[in-house]
Structure formats: C-alpha cells, structure tokens
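What follows is calculated from the coordinates using simple rules that are stated; it is not laboratory data. All figures in this text were calculated on a predicted structure; none of them were measured in a lab. Cβ coordinates were reconstructed from backbone atoms using ideal geometry, including for glycine residues, and neighbour counts include every protein chain displayed.
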Amino acid sequence: MFDIQLFGRVEVRTRGVVLAGTDFGGDHPRHILALLALRGEMSTSELAGLLGEKKKSVESDMSVLRRNLEPEATPRDSVVRREADRWSLNPERVRVDVARFDELVAAAQGRPADRAVKPLTAAAFLATRPLLEDENEPWAAEARAEYRAKLATARLDDKTAVS
C-alpha cells in the first residue's frame, strides 16, 4: 500500500520506507505524483500544461517517478497507471490523505452537530499543516486555497448546527 500525504510536504510511505523531497527524482516527478493524488486521472497534455513542460518531458518524468516509487516494478505493474494518454494512480494500492479528508467532511454534512464533531475533528487533524506546504506552483496555491475553504466551511457548518 502507498500512503500519500499531501497535507504538509509531499510524502509517500510504503513498505516501511518514507519518500519525500528529492526521493521522487526531482520536482517534476513529485509534482506529477501530487497532481495525480489530488486530481485523479489526467492526460499527458493536462499535466504538461500545469507543469509548463512538453509532453515528452512529462513522459520522461513519469518514468523517473515510477522507477523511484517502485524500482523493481515494470510499467504494467506500477502503481502509476497509463491507459491511452491518461495517467492515474491505482486506487487499490493507494491511500491519499486528501481523499480521506474529503470523506470525513462529507460524512459530517447533514448530521446533527453531536454526530458531526467526530469526523470534522478527524478532518481538521489531517489538515493541521497546509496542503502542499513546500510547493510554490500556481496549481498548488489554488489547491491550498480550495482546501482551506473546505475546512472553514465545514467548521462553519458545524458551528451553525450547534446554534
């Protein structure tokens, strides 16, 4: 299982190993991993546009990412999947803290305050550090703002339900 952390700095925990920073093979492979974990399936063109790269560079960075995540895996067996021109992470082998955050916030919605507190507290705990805190790219800043707003809205909804 690959546990991907996007709150704080980008990290992957797998088989007792923690990958962070340059362990992914550089900034672009790390950014690709973060984007796939955050947004799900994306095309090579979408990734190239967000990263300001050429499509060939994205494909090269993808090879570097795969090799650093799973040195012994073949592309067919990699946690990073490709179908046609679309890339994704294998959902059966990946857990992402952002997805868990979204699940917890969704679980709290519509519940009475006394039942919403537990999932909202867990979501707030996940988000104690800013999303993608070490990334200075426009897409990362946009995602940070989106998740700050989600957390603020969830807290506001919880306070409204208490009143």
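Descriptive notes on the structure:
- Computed from phi, the 3J(HN,Hα) profile of segment 94-102 under the Karplus parametrisation 6.51, -1.76, 1.60 (θ = phi - 60°) reads 10, 10, 10, 4, 5, 5, 5, 4, 4 Hz, with x in place of Gly and Pro.
- Sparsely packed loop sites in segment 38-147 (the GluC sites (Glu not before Pro) outside DSSP H, G, I, E and B with at most 15 other Cβ atoms within 10 Å) comprise GLU41, GLU72, GLU92, GLU133.
- In order through segment 67-78: 3J(HN,Hα) via Karplus (6.51 cos²θ - 1.76 cosθ + 1.60), integer Hz, x for Gly, Pro: 4, 6, 6, 9, x, 8, 7, 7, x, 5, 9, 5
- Length-normalised contact order for the chain - Cα pairs under 8 Å, 6+ apart - percent: 26 percent
- Couplings 3J(HN,Hα) of segment 54-65, computed from phi: 7, 4, 4, 5, 4, 5, 5, 4, 5, 4, 4, 4 Hz, in residue order, whole Hz [Karplus 6.51 cos²θ - 1.76 cosθ + 1.60, θ = phi - 60°; x for Gly and Pro].
- Under a 5 Å amide H cut-off, with hydrogens placed 1.01 Å from N, LEU89 pairs with ARG81 among residues at least 5 apart or on other chains.
- For the chain, the convex hull drawn through the C-alpha positions has a volume of 114 cubic angstrom per residue.
- Computed per residue of the chain from DSSP H runs no shorter than four, each worth -39500 (n - 2.57), the mean residue ellipticity at 222 nm is -17500 deg cm²/dmol.
- Stokes-Einstein diffusion of segment 105-150 at 10 °C, 1.306 mPa s viscosity, Kirkwood radius from Cα pairs, rounded to a whole number: 135 µm²/s.
- GNM on the chain, alpha-carbon springs under 10 angstrom: the most fluctuating residue among ALA145, ALA123, ALA34 is ALA145.
- Looking at segment 13-45, the trypsin sites (Lys or Arg not before Pro) that sit in a DSSP loop and have at most 15 other Cβ atoms within 10 Å of their own Cβ are ARG15.
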